[in-house]
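Peer 1: Let me give you the structure first, and then I'll get to my questions.
The values are calculated or read from the model by the stated rules, or taken from the named source; none is laboratory data. Since the model is a prediction, treat every value here as computed from it, not as a measurement. Ideal geometry is used to build each Cβ from the backbone, glycine not excepted, and the neighbour counts take in all protein chains shown.
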Amino acid sequence: MSDTTQNSALKGAHADAEDLATASRQTSVYVYEAPVRIWHWVNAAAILVLCITGYFIGSPLPTLGVGEASDHFFFGYIRFAHFAAGMILTVGFAGRMYWAIVGNHHARQMFYLPILNGTWWREILFEIRWYLFLEKKPKKYVGHNPLAQLAMFMFITVGVLFMIITGMALYAEGAGQGSFYDLLFGWVHGITLNSQRLHTLHHLGMWFIVVFMIIHIYVAIREDIMSRQSIVSTMISGHRTFKDDDPD
């Protein structure tokens with residue numbers, strides 16, 4: 001942006017010479033389409049419900065009252081919320097896979113890893129150094145940076161798919177042999193050999209997702225403050241806004 005254009009853009013903003021000398025252009029790029037953004041927040045809500053209810057299913061609360069068990073349905077509500085959130089997660093993931101096919105190229109980024117690209121691996125190492133405060137200046141990315149792409153693939157694409165498969169296999173137990181869920185996911189029991197092992201794997205998967213959520217929230221807020229582009233607002237508006245006009 002030329003000095004003349006820059007000065008014109010700041011006309012009426014009471015900018016002095018020092019302000020004009022440090023002015024820079026903010027470039028905005030449309031990255032995440034509406035279906036991706038909707039899926040992100042619905043997926044986040046479903047995972048939150050699943051983690052909370054899943055924890056209590058694995059470690060039930062003490063009885064809340066006296067009388068027959070049939071008089072209390074609190075744990076039933078917990079299980080219902082877990083199953084409902086699981087169905088929402090499953091349908092949302094299927095929709096997200098569909099949008100990876102019909103959406104823009106950023107919608108496909110979390111479903112593949114360019115492992116044969118040497119530059120991609122070098123930039124992962126750079127991002128690790130940046131997160132460890134060993135680099136002074138971060139790089140700019142329109143979509144996910146390489147380390148974020150790797151994390152999204154491992155924790156969301158692989159991790160959520162693992163939780164859907166193991167969760168549906170556990171649900172098939174209650175639905176019974178020959179049920180729709182048993183026909184689709186009953187084969188999982190043949191791999192784990194017993195229900196308790198499957199429960200344990202599903203429970204460990206929950207903590208796998210919880211760790212990712214904590215890191216994801218920290219990194220998103222940190223990058224919104226310290227990086228050269230918007231992060232949190234991008235998943236609301238869809239636009240990635242860059243804070244400087246430095247091409248490097």
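Peer 1: Between residues in region 99-122 that are within 17 Å of PRO146 (Cβ to Cβ) and among the polar types (S, T, N, Q) and residues that are at pLDDT below 95 and surrounded by 12 or more Cβ atoms within 10 Å (Cβ to Cβ), which pairs lie under 6 Å by C-beta distance while being six or more apart or on different chains?
Peer 2: Close Cβ pairs satisfying both conditions: GLN109/GLY143; GLN109/HIS144.
Peer 1: Where residues in region 140-157 are without any contact (Cβ under 8 Å) to a residue 60 or more places away in the chain and closer than 18 Å to VAL29 by Cα, which of them is surrounded by the fewest Cβ atoms within 10 Å (Cβ to Cβ)?
Peer 2: Of everything passing the filter in region 140-157, HIS144 is surrounded by the fewest Cβ atoms within 10 Å (Cβ to Cβ).
Peer 1: Return the residues of region 69-99 that are crowded, with 17+ Cβ neighbours inside 10 Å and more than 18 Å from GLY167 (Cβ to Cβ); say none if nothing qualifies.
Peer 2: Within region 69-99, TRP99 is the sole residue that qualifies.
Peer 1: Of the residues ARG96, ARG79, only one is part of a helix (DSSP H, G or I), modelled with pLDDT under 95, under 24 Å from the mean Cα position of the chain (by Cα) and not aliphatic (A, V, I, L, M); which?
Peer 2: None of the other options fit; the residue is ARG79.
Peer 1: Consider region 160-215. How many of its residues are within 15 Å of LEU48 (Cα to Cα) and without any contact (Cβ under 8 Å) to a residue 60 or more places away in the chain?
Peer 2: Within region 160-215, residues that are within 15 Å of LEU48 (Cα to Cα) and without any contact (Cβ under 8 Å) to a residue 60 or more places away in the chain number 5.
Peer 1: Would you pick out the residues in region 24-67 that are modelled with pLDDT of 95 or more, of a type in the set (A, V, I, L, M) and within 26 Å of HIS82 (Cβ to Cβ)?
Peer 2: VAL36, ILE38, VAL42, ALA44, ALA45, ALA46, ILE47, LEU48, VAL49, LEU50, ILE52, listed by residue number.
Peer 1: Same structure again: Residues being within 16 Å of HIS106 (Cα to Cα), touching a residue at least 40 places away in the same chain (Cβ under 8 Å) and of a type outside the set (Gly, Ala, Ser): count how many of those fall in region 230-242.
Peer 2: Total meeting the criteria: 6.
Peer 1: Test ILE128 against the stated conditions and say whether it is more than 17 Å from the chain's Cα centre (by Cα), part of a helix (DSSP H, G or I), of a type in the set (A, V, I, L, M) and under 21 Å from ALA220 (Cα atoms).
Peer 2: So ILE128 passes the test.
Peer 1: Next up: Name every residue in region 205-235 that is hydroxyl-bearing (Ser, Thr, Tyr) and outside any loop (DSSP other than H, G, I, E, B), in order of residue number.
Peer 2: TYR218, THR234
Peer 1: Suppose the filter is surrounded by fewer than 16 Cβ atoms within 10 Å (Cβ to Cβ), in a helix (DSSP H, G or I), in contact with a helix residue (DSSP H, G or I) (Cβ under 9 Å, 6 or more places away or on another chain) and of a type outside the set (A, V, I, L, M, F, W, C); does GLY190 pass it?
Peer 2: Criteria not met by GLY190.
Peer 1: Let me ask you something else. Can you tell me which residue within region 217-248, out of those that are within 16 Å of the chain's Cα centre (by Cα) and among the hydrophobic types (A, V, I, L, M, F, W, C), is nearest to LYS140 (Cα to Cα)?
Peer 2: ILE231
Peer 1: Working only within region 36-47, note down all residues that are in contact (Cβ under 8 Å) with a residue 24 or more places away in the chain and among the β-branched types (Val, Ile, Thr).
Peer 2: Scanning region 36-47 gives VAL36, VAL42, ILE47.
Peer 1: Pairs only if they're at least six apart or on different chains, beta carbon under 6 angstrom, first in region 48-64 and under 23 Å from MET213 (Cα atoms) and of a type in the set (Gly, Ala, Ser), second modelled with pLDDT under 90 and part of a helix (DSSP H, G or I); list them, first residue then second.
Peer 2: Between residues of region 48-64 that are under 23 Å from MET213 (Cα atoms) and of a type in the set (Gly, Ala, Ser) and residues that are modelled with pLDDT under 90 and part of a helix (DSSP H, G or I), there is no close pair.
Peer 1: For ALA107, are the conditions met, namely being assigned to a helix (DSSP H, G or I) and over 17 Å from ALA46 (Cβ atoms)?
Peer 2: yes
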